[in-house]
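Student: Take a look at the following structure, please.
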């Protein structure tokens, strides 16, 4: 009689304590687990499908303004607080976790042109069409007291934008000139002008905190150093830039949103050619904001969409739109890299997820591992046509889609024409101009 | 008269250019400069004179200047700033230079040269140009400044994983001082504890001296106080040492260490006990009582009954693990030892019941054939219950035993003889019972009667014991109990050894019985197999085996554990009544054994079944046909282009000539060899599958240089199915990790690597270097003790 006994070492499957995870005996012999590529491919396909199924980016809408929203600002120290200024001069402070308005201030007569929080989050500044700069306390006044600004500065011209220094008590405004203010003084400590009569945006560099950049109405972007008496440099582009934003993790890179439907990322050390041209919008881009990780940025456009671009990619990875959202005027990326806020013409502030299919809230370790695995698989098989087809598919409203197609055709026609001209002229007389080179007219020193 | 002096200097330098200056005749009279200017007018002069005369007798006073005429320069100090508008020329100064003898000739020469020069300076740059230059300089400076970030940025771009926020507080253990300094009582519990400490005058922060100690020190003289303080300190230090030592020892996980420790303790205790026996018999008696108590407790508890979690786990392991088996046995033995009475074999029925239970519950190999001392009890009850003064008896017995051990074997023989007699009686009775049991047909009438007599007494006893037990537990601590148990068990074993020397030696056949047990198990497991014939054979073996075993009654009882139970029920003893607590039944998983017997037969049967199932279809020939067809389809066909009658005569019965046929029959080139040419049982299709093509990558994606690179990247699996947990985690680590609810601040200048330039930020760099040096020295210091330790260990 032959007796075969199946015997296992208890060490392989017996837990030492009940707190240990269950031991599952595994054999990693590749012959036992064949077809790894095809199996993983199927998993990747499923992962991409699931990702698309769960892509529901819209979180909430904050309504309460009585006019279009003109500017947004994040609280410097609290994630859940957002400030917004409307075209009727009203400023509202929102609590995002409760999704309600905490406070309403009639700050200006006419538009609130710019709003920014102080670096410590204790107060905020607004500028408006009534030629004033006002500083407000972040805390609401006591019961029965009027909303009064802490400080009011009367200026000679309209201010169109404001930004606060990252660590010091100075701020910059722009209007007819770019002014640097000390919080303690009622007149600017420095004002820059370089042959332009109006600016639309001024932004401090968050990393090299003494640098500034501004967009002017003469199609130029001007760089400043707060410590110098004169501006640094100016680029003139083919069309006007509306806003710009510095990369919070890369000191020398900034991105500007342009009227020619594109966004341009520049390296401030080499201004003659943009590092990247980001194309996808079908109308003027009105606002741009970087994610706090500096890996991506979000842009708001007149074409009623928000798009998310990787910082070094020419095309967007995501487009958000809803039926009711009109021209998006301002956009902000939340400081925890999870959400995007957009303020639009039709008086609503919308809260979006930065990653459309992300599951909100706490995740169990197993969930996390599964998500990471799925992400990895998607990355690994992203070049496969089926995966790519699913991953890249987005819905667009009909008119947008048409416009996009039209633009593509126009672009193709122009390219063809240039090609033909080159073909029929003396070799070398019509040089090949790359897309990047086309948009910069000149760099002025 | 400084004013005059000031005026005088330009006058002299200018060569007396101003003639209008007039001093009034009266020195005391002060005349203002403005009045002097219009000196030419006679009338006014006259008026002035009159005024001067009128003011002679009065006090002197300063007159305020009045601005009567428009002039460019008006001094605020009421001085006519005369000549301030005019520039002082170099020549004016040089005029005096010639006259002054002190000036050196060299400077005079230089001045002359300067004067002779006719060239003009260049025009300053226009405003636009200067601004441009300024801008350029500033831009260069700032772009250089910004370029410092390049290394950090490229590093971050290349990083496998970035964790945001970038600056996070270092996790892990902090230094003691940091933790203590920042700590305050926050929760109500902590506050309560603090208030208690305060009220009891315990030191809280720096435990040096309690207030009471301080007070006592204050009351003493200085020297005494010093001595006392030193004592206190020493005491504290010692205490802390002991505490640390105890903590360390408690943390030692080695079982062997603890075992040795326990043994040493027991030994010490035994020695002490021996001494006690000699010196203090009353104390020894008390100790014995304690042991008795612990025995009771053991009987009450399930501590060593193999019913706990540990025992269960061991029971699982026991199948495979010798050590586990041993541990279980040890525990059981401990139980036995603890529960054994110290007197002549006189166990209660409880124990017997328990043993039976154990036999059910535990794997059989654990249940060693017990010494007759234990297993005999049910038939001993009549005698045992008669003796009720147990502790005293035990005490006497132990004393006698020790005496016999010490003195010699004089009295021992007598005792032994007595015991032997008892044993014989027991044995006889035992055998009788067994025989009665084995014929299953008839129930015994007398036995239940006996037991019925016994039960109530026992239950009462158990209750008493339980009561005592409760009190005991409330008094003593667990640790002490354990120690006692150990001691008691040691004692019991000692006694047992003594007893065994006198009692009947264990029956040698028991080992054989054990083996039979194992075999038996195996046979039982065979029953689960479908192989009926084999089972039948085994059953036959079964029936044959018990016959010789029946000669020795004990093993047979254990092997067939179920029947006796039934009998007992018949006898009317409910184990629940007798046992104070129920021992848990542990179910053992059967070891998976497979008996492969007569494989060939099975195989033949299988093949027969398969044949029957697939009787109709000839798969092999079908396959071969298929393959041939495929091969044919793949072969190039010969195209015949001969046209009959072309260039020749045509008609019925005429064939084109051979030459022509050869010429116009076109043979396509032979296709490449089939891959399955040498594989007779395989068809490999080399056609392109369009459904698969949909899923394939047609172009080489961007970052890859060649197709092999891309393929290898895809081929390498990521999932858990192919990778171990750690590799899986590493492979699937996300590129960007953010912390929930944490604000990600932009990069700040602290993130910059320290600049090594000496010129620019000299002081900062040196400071950083200094810190580095310090760190290094610290590291070195940290390393040194380790090295020392190593050296020590080597020594």
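The values are calculated or read from the model by the stated rules, or taken from the named source; none is laboratory data. Everything numeric in this text was worked out from a predicted model, so none of it was measured. Cβ coordinates were reconstructed from backbone atoms using ideal geometry, including for glycine residues, and neighbour counts include every protein chain displayed.
Student: Restricting attention to region A:6-45, which residues are over 48 Å from the mean Cα position of the chain (by Cα) and part of a helix (DSSP H, G or I)?
Tutor: Within region A:6-45, A:10, A:11, A:12 meet the criteria.
Student: Any idea which residue in region B:162-198 is farthest from the chain's Cα centre (by Cα), counting only those that are in a loop (DSSP other than H, G, I, E, B) and surrounded by 10 or more Cβ atoms within 10 Å (Cβ to Cβ)?
Tutor: B:185
Student: Right, here's the next one. Would you check if residue A:196 is over 21 Å from the mean Cα position of the chain (by Cα) and more than 10 Å from every other protein chain (Cβ to nearest Cβ)?
Tutor: Yes.
Student: Against the conditions (1) within 21 Å of the chain's Cα centre (by Cα); (2) touching a residue at least 40 places away in the same chain (Cβ under 8 Å), where does residue A:358 fall short? Just the number, please.
Tutor: (2)
Student: Right, next: Please verify whether residue A:244 is part of a strand (DSSP E or B) and within 11 Å of chain B (Cβ to nearest Cβ), treating the condition exactly as stated.
Tutor: When the stated conditions are applied, residue A:244 does not pass them.
Student: Still on this structure: When the residues of region B:728-759 are filtered to those that are more than 21 Å from residue A:249 (Cα to Cα) and modelled with pLDDT of 85 or more, which remaining residue is farthest from the other protein chains (Cβ to nearest Cβ)?
Tutor: B:730
Student: Return the total of residues in region A:376-413 being in contact (Cβ under 8 Å) with a residue 40 or more places away in the chain and in a helix (DSSP H, G or I).
Tutor: Adding up the residues that qualify gives 11.
Student: Scan region A:31-41 and give yes if some residue there is out of contact with any strand residue (DSSP E or B) (no Cβ under 8 Å at 6 or more places or on another chain) and closer than 30 Å to residue A:100 by Cβ, otherwise no.
Tutor: no
Student: Report whether or not residue A:3 is surrounded by 11 or more Cβ atoms within 10 Å (Cβ to Cβ), within 11 Å of chain B (Cβ to nearest Cβ) and part of a strand (DSSP E or B).
Tutor: When the stated conditions are applied, residue A:3 passes them.
Student: Filter region B:132-161 down to the residues that are assigned to a helix (DSSP H, G or I) and in contact (Cβ under 8 Å) with a residue 12 or more places away in the chain, then identify the one that is farthest from the other protein chains (Cβ to nearest Cβ).
Tutor: B:151
Student: Would region A:345-359 turn up any residue that is closer than 30 Å to residue A:442 by Cβ and either within 14 Å of chain B (Cβ to nearest Cβ) or not in a loop (DSSP other than H, G, I, E, B) (or both)?
Tutor: No, every residue in region A:345-359 fails to be closer than 30 Å to residue A:442 by Cβ and either within 14 Å of chain B (Cβ to nearest Cβ) or not in a loop (DSSP other than H, G, I, E, B) (or both).
Student: When residue B:227 is evaluated against the numbered criteria (1) at pLDDT below 90; (2) assigned by the TED database to the domain that holds residue B:179; (3) closer than 30 Å to residue B:176 by Cα; (4) out of contact with any helix residue (DSSP H, G or I) (no Cβ under 9 Å at 6 or more places or on another chain), which criterion, by number, is the only one it fails?
Tutor: (3)
Student: Please verify whether region B:322-340 includes one or more residues that are surrounded by 11 or more Cβ atoms within 10 Å (Cβ to Cβ), more than 14 Å from chain A (Cβ to nearest Cβ), farther than 30 Å from residue A:7 by Cβ and at pLDDT 85 or above.
Tutor: Taking every residue of region B:322-340 in turn, none turns out to be surrounded by 11 or more Cβ atoms within 10 Å (Cβ to Cβ), more than 14 Å from chain A (Cβ to nearest Cβ), farther than 30 Å from residue A:7 by Cβ and at pLDDT 85 or above.
Student: Please specify each residue of region A:202-238 satisfying the condition of being free of Cβ contacts under 8 Å to residues at least 40 places away in the same chain and either away from every other protein chain (no Cβ under 14 Å) or in a strand (DSSP E or B) (or both).
Tutor: Result: A:216, A:217, A:218, A:225.
Student: Right, next: Determine if region B:137-157 includes at least one residue that is closer than 22 Å to residue B:740 by Cα and touching a strand residue (DSSP E or B) at 6+ places or on another chain (Cβ under 8 Å).
Tutor: Yes - at least one qualifying residue is present in region B:137-157.
Student: Looking at region A:269-287 only, could you name the residues that are out of contact with any strand residue (DSSP E or B) (no Cβ under 6 Å at 6 or more places or on another chain) and within 14 Å of chain B (Cβ to nearest Cβ)?
Tutor: Once the filter is applied, which keeps residues that are out of contact with any strand residue (DSSP E or B) (no Cβ under 6 Å at 6 or more places or on another chain) and within 14 Å of chain B (Cβ to nearest Cβ), region A:269-287 yields A:269, A:270.
Student: What number goes with the only condition from (1) within 11 Å of another protein chain (Cβ to nearest Cβ); (2) farther than 17 Å from residue A:201 by Cα; (3) surrounded by fewer than 24 Cβ atoms within 10 Å (Cβ to Cβ) that residue A:249 does not pass?
Tutor: The number of the failed condition is (3).
Student: What number of residues within region B:715-755 satisfy the criterion of being surrounded by 14 or more Cβ atoms within 10 Å (Cβ to Cβ), over 17 Å from residue B:162 (Cα atoms) and within 24 Å of the chain's Cα centre (by Cα)?
Tutor: Qualifying residue count for the region: 3.
Student: Then there is this: Read through the list (1) in contact (Cβ under 8 Å) with a residue 60 or more places away in the chain; (2) within 23 Å of residue A:114 (Cα to Cα), then give the number of the only condition that residue A:300 fails.
Tutor: Checking residue A:300 against (1) in contact (Cβ under 8 Å) with a residue 60 or more places away in the chain; (2) within 23 Å of residue A:114 (Cα to Cα), the one that fails is (1).
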